[in-house]
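Participant: To start, I am sharing the structure in question, which I have written as structure tokens.
The values are calculated or read from the model by the stated rules, or taken from the named source; none is laboratory data. Since the structure is predicted, the reported quantities are computational estimates derived from the model, not experimental observations. Glycine gets a Cβ as well: all are built from the backbone with ideal geometry, and neighbour counts include every protein chain shown. These area figures cover heavy atoms from the full protein model, side chains too; ligands, DNA and RNA do not enter into them. Shrake-Rupley method; radii C 1.70, N 1.55, O 1.52, S 1.80 Å.
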Amino acid sequence: MNNEQGEDMLLSPRLKAIADLVPPSRTIADIGTDHGHIPLYLIRQGRAEYAIAADISPGSLDKAVQLIQQYNMGHCMEARLGSGLSVIAPGEADTIIIAGMGGILIREILEEGEEAARSAHILILQPMIGQEELRRWLLNNGYSIVDEELAAEGDRIYEIIAAKPDKEARGYENEIYYDIGWKLVEKKHPLLKEWIQKKIRSLSEIVRNLGNAKTQSASERKHELMEKIRMYKEVYDSCFR
Ligand SMILES: C[S@@+](CC[C@H](N)C(=O)[O-])C[C@H]1O[C@@H](n2cnc3c(N)ncnc32)[C@H](O)[C@@H]1O
């Protein structure tokens, strides 16, 4: 097995897709690193010269500390304990990765660490939920979305967003692109068809469970979801028919 194959095996498809979106960087900061596999991979690939692996939890960070020791990476990798972007100085990291958390928590981390976030060249974000809210917040708060990726792992498809500070950033004209990342549609991502089908199935399931909604709020929710399904189908048809 060659070195590259060995390193690929260390990363799951989700982590590999996150790492693959990272451009050549001087210093990357992986906020909420846990196992530390992404920064280690980026250093070993030569994609980052220096890596800061940070986490709020001492137990989680300890895994990254062990990894740094195991691979003798102390000269180019560092573990820092603390919340969000408080662990880095503005301008210290040109690439910031925040993965495996909810979109709202990612947004809060970017808001609280605004100076460090805005001084980075690129943010690689992988929200587990709340993707729509995160896209909306980014585009309405001076970040443009420059790329998106999907990664299939188990029975899930994960969304990964690459964003850049951009004073000219504007929101999407079509609301559905906060749900279905526009960049995925633009490049007709190979997993997009399956991802939209999954979404339509899960929204249809919720609509079925709402049945003959009796309360006004349930009935409103049902109509909202049906409208969303219609919009998903419209994008699906425009891409795949
Ligand atoms: C599910 S793990 C994700 C680990 C890794 N980033 C990944 O994608 O596989 C979430 C990690 O984020 C850390 N975390 C949660 N809130 C945080 C915060 N405000 N600042 C830094 N780390 C945080 C947790 O301690 C945990 O280790």
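Participant: Do we find a residue being in a helix (DSSP H, G or I), over 26 Å from ARG156 (Cα atoms), over 21 Å from the mean Cα position of the chain (by Cα) and more than 14 Å from the ligand (Cβ to nearest atom) anywhere in region 84-104?
Facilitator: no
Participant: Also: Filtering region 207-241 down to residues that are at pLDDT 95 or above and of a type in the set (Val, Ile, Thr), which residue is farthest from TYR178 (Cα to Cα)?
Facilitator: ILE229
Participant: In this structure, does ASN72 turn out to be surrounded by fewer than 22 Cβ atoms within 10 Å (Cβ to Cβ) and more than 22 Å from ALA51 (Cα to Cα)?
Facilitator: Answer is no for this residue.
Participant: Examine region 24-41 for a residue that is surrounded by fewer than 20 Cβ atoms within 10 Å (Cβ to Cβ), more than 9 Å from the ligand (Cβ to nearest atom) and among the basic types (Lys, Arg), and state whether such a residue exists.
Facilitator: Yes, that holds for at least one residue.
Participant: Right, next: Would you point out the residue of region 216-241, among those that are among the hydroxyl-bearing types (Ser, Thr, Tyr) and touching a helix residue (DSSP H, G or I) at 6+ places or on another chain (Cβ under 9 Å), that is most open to solvent (accessible area, probe 1.4 Å)?
Facilitator: Here the residue is SER238.
Participant: Write out, first by first residue and then by second, each pair whose Cβ atoms fall under 6 Å of each other, whose residues are 6+ apart or on separate chains, and whose first residue, in region 52-66, is over 19 Å from LEU105 (Cβ atoms) while the second is open to solvent by 10 Å² or more (accessible area, probe 1.4 Å) and near the ligand (Cβ under 8 Å from one of its atoms).
Facilitator: Once the first residue is over 19 Å from LEU105 (Cβ atoms) and sits in region 52-66, its partners that are open to solvent by 10 Å² or more (accessible area, probe 1.4 Å) and near the ligand (Cβ under 8 Å from one of its atoms) give LYS63/HIS35.
Participant: Of the residues that make up region 171-189, is at least one surrounded by 18 or more Cβ atoms within 10 Å (Cβ to Cβ), within 16 Å of the ligand (Cβ to nearest atom) and at pLDDT 95 or above?
Facilitator: Looking for residues that are surrounded by 18 or more Cβ atoms within 10 Å (Cβ to Cβ), within 16 Å of the ligand (Cβ to nearest atom) and at pLDDT 95 or above, one finds none in region 171-189, hence no.
Participant: Moving to a separate point now. I'd like the residue in region 121-148 that is aliphatic (A, V, I, L, M) and within 16 Å of the ligand (Cβ to nearest atom) and, out of all such residues, is nearest to the chain's Cα centre (by Cα).
Facilitator: Top of the filtered list is LEU125.
Participant: Quick one: is ILE18 under 28 Å from LEU139 (Cβ atoms), touching a residue at least 60 places away in the same chain (Cβ under 8 Å) and outside any helix (DSSP H, G or I)?
Facilitator: In short, no.
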